[in-house]
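The values are calculated or read from the model by the stated rules, or taken from the named source; none is laboratory data. Keep in mind the model is a prediction, meaning the values are calculated, not measured. A quick note on method: Cβ atoms are made from the backbone with ideal geometry, for glycine too, and the neighbour counts reach across all protein chains shown.
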């Protein structure tokens, strides 16, 4: 039986793997087509958290995206 903590661990592991793959794809495409990160950065203000249970935080999601872009620019 899968417990809530098992589900949380699996979700975290999926998130880590997905972020790694996405980061590598973005870095590769940016190297081939400079300007991708600028385009992504320009779209961040339209990003939001669709949660309808009171936990939504648009600005927190945007800050994560900003950190992701900043990290991609360093690589």
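Just a few scattered comments:
- With respect to being assigned to a helix (DSSP H, G or I), exposed (fewer than 12 other Cβ atoms within 10 Å of the Cβ) and modelled with pLDDT under 95, residue 11 fits the description.
- Scan of the stretch 48-60 for residues that are part of a helix (DSSP H, G or I), loosely packed, with under 12 Cβ neighbours inside 10 Å and over 12 Å from the mean Cα position of the chain (by Cα), ordered by number: 59
- Matching entry among 45, 63, 30 (being surrounded by 12 or more Cβ atoms within 10 Å (Cβ to Cβ), touching a helix residue (DSSP H, G or I) at 6+ places or on another chain (Cβ under 8 Å) and either part of a helix (DSSP H, G or I) or without any contact (Cβ under 8 Å) to a residue 24 or more places away in the chain (or both)): 30
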